Ligand code: GLU
């Protein structure tokens with residue numbers, strides 16, 4: 001059996017969007033599952049569209065997500081270089097082969113002439129085919145002239161690992177440009193040469209190339225190349241409506257998701273689920289599970305919807321599953337200033353407490369800063385709470401006073417979550433208040449934060465003195481409000 005070799009071949013034309021990352025991820029999963037090789041090739045032959053810094057950005061995104069490659073521009077391998085702009089001689093040699101076989105010719109037309117041909121076809125309502133205008137005696141090919149493929153149109157049938165059996169007629173096979181007048185190859189030519197040279201076994205890419213596939217098959221034949229396995233990815237659709245996901249639909253740069261507190265494992269899981277599932281109800285997958293379970297034939301053909309809420313949920317699940325020390329490292333850039341002034345051991349203790357409630361790491365300050373600094377009472381939070389806003393001021397005062405007295409009765413060395421829970425249960429009985437009201441009120445009076453961990457844990461972590469002081473301050477603030 002041939003060694004499986006897959007590749008990701010992005011053009012450095014801007015930030016790497018989710019669709020690009022998904023193609024990379026699926027190609028990587030196929031390679032890793034088969035103990036094969038994954039190659040990164042930067043397709044920088046369109047100098048007009050190139051955006052400076054994007055190759056470095058792509059590399060950073062892949063490494064952030066853990067999509068490691070075995071060969072690439074900065075990772076030597078047997079089939080380099082892996083930057084297309086450094087392979088121009090290789091394309092020239094392969095082009096020469098086609099010229100010698102009479103399967104490529106110099107394109108003598110000016111862009112204006114080509115526009116005329118196009119317009120003629122339009123006027124007569126015919127599909128434009130360059131091959132209908134093949135020059136009878138093309139000039140000798142020289143630098144500065146485009147080189148075209150001389151196609152041999154025919155019908156094709158082929159199998160796509162995702163899209164299934166596909167078939168087209170000869171009318172879609174045309175004479176495409178192989179080398180442009182600036183001396184760079186087109187994507188159409190370069191990727192075929194490179195995939196062959198780099199011994200790629202599975203070609204996994206987006207749908208935009210599907211319509212050119214018959215012409216590519218014609219080129220494979222002209223060059224005597226074996227076809228790789230083809231796998232065409234379904235579109236990723238925007239959250240609403242049926243259209244393709246675009247930058248305006250909230251599809252952010254992958255590195256921005258990391259800055260926004262998403263973790264790589266969750267992004268990988270989420271991106272893998274865009275168009276793939278393992279046939280069960282399982283939604284949360286570790287990377288190792290994805291490697292074990294992924295298969296191209298379970299990639300769906302229809303578009304996959306990008307669902308930010310699902311990503312958020314998955315992120316929370318993956319944060320929960322992280323070992324505490326690992327989470328502590330990742331949380332480092334997200335702590336509030338007051339937390340950073342505290343002892344590292346205190347941060348770790350608080351992180352353990354809030355871990356289950358973090359949806360993104362950016363929730364960390366709001367979920368934890370009241371452990372590190374005394375919050376100012378904010379009565380709007382009571383007013384904004386459907387249940388609490390119904391309480392009269394003196395009711396609030398009574399409930400809070402009863403709470404501080406009950407908490408004060410706990411022995412100092414028994415101020416544990418269990419003991420606090422017992423005290424709270426008794427308070428619920430004696431006050432006859434609903435938990436939704438009493439516990440929310442106590443929670444707010446010590447944290448003044450929209451969310452916090454379970455109340456007994458919160459109070460135990462704050463400590464008896466601080467819990468009581470905070471409730472006292474809230475009562476004092478109440479009487480002046
Ligand atoms: N350079 C092409 C792109 O970025 C790659 C397509 C392919 O994977 O062959 O769209």
Margin query: Restricting to region 44-67, give me the number of residues that are over 14 Å from residue 21 (Cβ atoms), in a loop (DSSP other than H, G, I, E, B) and within 21 Å of the chain's Cα centre (by Cα).
Written below: 2
Check: Which one of the conditions (1) surrounded by 20 or more Cβ atoms within 10 Å (Cβ to Cβ); (2) within 16 Å of the ligand (Cβ to nearest atom); (3) in contact (Cβ under 8 Å) with a residue 40 or more places away in the chain does residue 72 fail to meet, given that it meets all the rest?
Finding: (3)
Next item on the list: Kindly provide the set of residues from region 301-348 that are buried (at least 16 other Cβ atoms within 10 Å of the Cβ), closer than 15 Å to residue 360 by Cα and without any contact (Cβ under 8 Å) to a residue 40 or more places away in the chain, ordered by number.
Entry: 327, 328, 331, 335, 336
Checklist line | Exclusive hit being free of Cβ contacts under 8 Å to residues at least 24 places away in the same chain, more than 16 Å from the ligand (Cβ to nearest atom) and in a loop (DSSP other than H, G, I, E, B), set 116, 120, 136, 152 | finding: 136
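Please indicate, with yes or no, whether at least one residue in region 53-60 is closer than 15 Å to residue 294 by Cβ and either in contact (Cβ under 8 Å) with a residue 12 or more places away in the chain or more than 12 Å from the ligand (Cβ to nearest atom) (or both). Before the answer, list the steps.
Step one: of region 53-60, the residues closer than 15 Å to residue 294 by Cβ are none.
No, the conditions are met nowhere in region 53-60.
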Next item on the list: Scan region 175-208 for residues that are in a helix (DSSP H, G or I) and either more than 15 Å from the ligand (Cβ to nearest atom) or touching a helix residue (DSSP H, G or I) at 6+ places or on another chain (Cβ under 8 Å) (or both) and report the count.
Entry: 7
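The rows are residues; the columns are (1) surrounded by 15 or more Cβ atoms within 10 Å (Cβ to Cβ); (2) closer than 30 Å to residue 259 by Cα.
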{"position": "374", "(1), (2)": "no, yes"}
{"position": "394", "(1), (2)": "no, no"}
{"position": "432", "(1), (2)": "no, no"}
{"position": "436", "(1), (2)": "no, no"}
{"position": "442", "(1), (2)": "yes, no"}
Item checked: Number of positions in region 86-104 that are surrounded by 16 or more Cβ atoms within 10 Å (Cβ to Cβ) and touching a residue at least 60 places away in the same chain (Cβ under 8 Å) -> 8
Checklist line | Pair list, Cβ < 8 Å and 6+ apart or interchain, from region 192-213 residues that are in contact (Cβ under 8 Å) with a residue 60 or more places away in the chain and over 21 Å from residue 165 (Cβ atoms) to residues that are within 11 Å of the ligand (Cβ to nearest atom) and assigned to a loop (DSSP other than H, G, I, E, B) | finding: 194/9; 194/41; 194/200; 195/228; 198/41; 200/228
Margin query: Out of the residues in region 1-43 meeting the condition of being more than 12 Å from the ligand (Cβ to nearest atom) and in a loop (DSSP other than H, G, I, E, B), tell me which one is modelled with the lowest pLDDT.
Written below: 1
Checklist line | Contacts under 7 angstrom Cβ, first residue in region 4-26 being closer than 11 Å to residue 233 by Cβ, partner part of a loop (DSSP other than H, G, I, E, B) and within 9 Å of the ligand (Cβ to nearest atom), 6 or more apart | finding: 19/206; 20/10; 23/206
Check: Which residues, counting only those in region 444-460, are buried (at least 18 other Cβ atoms within 10 Å of the Cβ), in a helix (DSSP H, G or I) and within 37 Å of the chain's Cα centre (by Cα)?
Finding: 444, 447, 455, 458
Next item on the list: Looking only at region 226-243, count how many residues are surrounded by 15 or more Cβ atoms within 10 Å (Cβ to Cβ) and either farther than 25 Å from residue 153 by Cα or more than 15 Å from the ligand (Cβ to nearest atom) (or both).
Entry: 6
Margin query: surrounded by 16 or more Cβ atoms within 10 Å (Cβ to Cβ), part of a helix (DSSP H, G or I) and within 20 Å of the chain's Cα centre (by Cα): which single residue out of 257, 262 fits that description?
Written below: 257
Notebook entry, point to check: Which pairs do you get when a residue that is farther than 19 Å from residue 400 by Cα, found in region 370-382, comes within reach of a residue that is not in a helix (DSSP H, G or I), reach meaning Cβ atoms under 6 angstrom, with the pair 6+ apart or on two chains?
Noted result: 372/342
Note to self: Name the single residue that is nearest to residue 190 (Cα to Cα) among those in region 98-113 being assigned to a helix (DSSP H, G or I) and within 41 Å of the chain's Cα centre (by Cα).
What the structure shows: 98
Notebook entry, point to check: From the residues in region 214-225 that are closer than 17 Å to residue 186 by Cβ and in contact (Cβ under 8 Å) with a residue 60 or more places away in the chain, which one is farthest from the ligand (Cβ to nearest atom)?
Noted result: 222
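The values are calculated or read from the model by the stated rules, or taken from the named source; none is laboratory data. As the structure is a prediction and not an experimental result, all values here were calculated from the model. For neighbour counting, all protein chains shown are included, and Cβ atoms are generated from backbone atoms with ideal geometry for every residue, glycine included.
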